[in-house]
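Below is one structure; the comments refer to it alone.
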Amino acid sequence: MTTRTEKQYRWFHRASLYQIWIRSFADGNGDGIGDLYGVYEKLPYIRDLGVDAIWFSPIYPSPNADYGYDISDYKNIHPDYGDLAQFQKVLNRAHELGLRIIMDLVINHTSDEHPWFLESRKGEDNPYRDYYIWRRRPNNWNSIFGGSAWAYEGTRGQYYLHLFAKKQPDLNMDNPAVREEIKSILRFWLDRGVDGFRMDVINFISKREGLPDGIPWLPAINGMMHFKDGPHLQEYLSEFRSVCREYDRDIVQIGEGPFTEAEVARRYITGRKPVMDMMISFDHMLADCFYTEYLHRPFSLVSMKKAFTHWQNTMADKGWNTLYLENHDHPRIISRYGSESWWKESGKALAVSYIFQRGTPFIYQGQEIGMTNIRLRSIRDYLDEATIQNFERFFTKDPMDKRMNRIYHSSRDSSRTPMQWSEERYAGFSTVLPWFSLNPNYHAINVEEEERDPESILKFYRYCLALRKKSRTILYGDYREYEPGNRQVYLYERSLKDNHCLIVCSLSKEPARVRLPEAYRNRKVRRMLNNYEPMSLFDHLDPERYPTEKLPEKLLLHPYEARIYQIRY
């Protein structure tokens, strides 16, 4: 039951966000790498999509061991992408267009080329000696990217902790000096005018005192119980929250919390003094298993619905959800939860499945035009560290075609191919050979083609985002799922006072049948959307002009058909 009054809602409750993984977004200076010059040129496109803010994946200087998530300087811009002056130009223009800017803050770890680490490794008499986590003897924790979470550093003669790649040493957040450095970073970007932060793996920053051994028979997550949602996490987040409250504007803080349960996430974003505004859930991405390189299984709609509904119900009163299906850490969703054979239909149905839930939708670059996974010939053609590590560690005795098929389905590199702007050479991304492989289907799937097509996925996304923003019921209403055991159809309702919206979404390659809730049977309703009908029937956004129909007891749906009905009591 919704208990928050409308005056208590903040800007991000009404907003939707667009994520830019800058290296592959748009090359504005002709060197084959996406940059801030390209972003500046594309700001009107982003505004016209109907989003309200941009979340930049890391754009700081980095050796790119993990493509930006290994930061070597928190207060500058990577030379590949521009400089601070160009960033300010982008920020100012975005604000003029009504777009806010969210920075990615990666503070669980730095690059091993960061000056703090270069000093810390010099020895125990160095002022930076305790900026990282050093041990003479490592415990048995495993890295998220595979293998031991410890690496030996010869200069200091000790091991350092890295929960991710070897070149990403973990910061020692228990050191007050480190937390002061983080506050300084926050102020640096807030002083420039940014509107918030997405905080990477933020639930890992507090480790259990003494770093006890994990459970060895859980190799993929060995040790996680000692660093996930750690003992001082709430305290440290509260310190960072206080910095954002120093500013006379509404700063949003979004936490990424891998493996964090909804009930735990709720503690961070509700209560008298919440330390975050939203937490990014991973549960619905387990519908085919998050670590798909080595535990891939067929997509389960029932699993996805169960996860969505659990988070919706847990956050129902004072909490708020992040809504997403794609980002830089996941393969393309049409190739994963949809169907490339039913490309346009499944792309639209997937949009409907999540945008109309209660929360803030996130759209990842290229998702809005239906970009799909790439299939590279050899593992040598892939660049992502996690992809390569998993290929080399798991199922090594399987035939090569089977091993590569797992990569096709699961690699993060599929979400990092250059954005497909046109059918011109290099997909309109650049005038020269891009830094990474283009998906060959850019001749058919690109922004220019979808601007010409009145029924394109791009125009469908624009309509969905506009419809969400126009409807108070969809923005603020309660959520209720029906038919949770249906393996083909996701059926849920949004309701506010006497206004109800029923979202019907088939995610099946076969025709699907679903029983409607009793309140909708034999009732005259307005059809707000149907992805099998011309967009011209709906894009006026005038409820009085929506087609009307009388609903039966059961609906028979085409493959990947999505509908939204409105009823007033």
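Measure out, as a whole number of angstrom, how far apart the alpha-carbon centroids of region 186-259 and region 40-113 sit.
20
Working from Cα positions, state the angle (0 to 90°, nearest 10) between the long axis of helix 176-192 and the longest principal axis of the chain.
Long axis of 176-192 versus the principal axis of the chain: about 50 degrees.
Quick one: which residues, 5 or more positions from I101 or on another chain, have an amide H under 5 Å from its amide H? H modelled 1.01 Å from N in the peptide plane, none for Pro or chain starts.
HN-HN under 5 Å from I101: I54, D195.
Rounded to the nearest 5, what % of the DSSP beta bridges within the chain are antiparallel ones?
DSSP beta bridges in the chain are roughly 60 percent antiparallel.
Have a look at the chain and give its Rg and Dmax from the Cα atoms, expressed in angstrom.
Gyration radius and largest Cα-Cα distance of the chain: 23.6, 79 Å.
Could you sort 534-540, 182-188, 322-328 so that the peptide with the highest average Cβ count within 10 Å comes first and the rest follow in order?
Most protected by this proxy first, the peptides run 322-328, 182-188, 534-540.
Which ³J(HN,Hα) values, rounded to whole Hz and listed in residue order, are derived for region 9-15 from phi using the Karplus coefficients 6.51, -1.76 and 1.60 in 6.51 cos²θ - 1.76 cosθ + 1.60 with θ = phi - 60°, glycine and proline given as x?
Calculated HN-Hα couplings, in order: 6, 9, 4, 6, 5, 8, 8 Hz.
Work out how much length D213 to N405 would gain on full extension: take 0.36 nm times their residue separation and subtract the Cα-Cα distance, in nm to one decimal.
This chain segment gains 65.6 nm when fully extended.
Note the count of lysine pairs whose C-alpha atoms are less than 19 angstrom apart in region 417-569, limited to pairs 8 or more residues apart or on different chains. Display every interim value, and only then the final one.
Values: K459/K469; K459/K470; K469/K497; K470/K497; K497/K524; K509/K554; K524/K550; K524/K554.
Counting lysine pairs in region 417-569 gives 8.
Taking +1 at the Cβ of each Lys and Arg and -1 at the Cβ of each Asp and Glu, which of L555, I388, M199 sits farthest along the dipole of the chain towards its positive end, judged by Cα position relative to the Cα centre?
Of the listed residues, the answer is L555.
Values quoted throughout were computed directly from the atomic coordinates according to the rules given, and no laboratory measurement underlies them. Computed from a prediction, not measured in an experiment: that's the story for all the values here. Cβ sites come from the backbone with ideal geometry, for glycine too, and all protein chains shown count toward neighbours.
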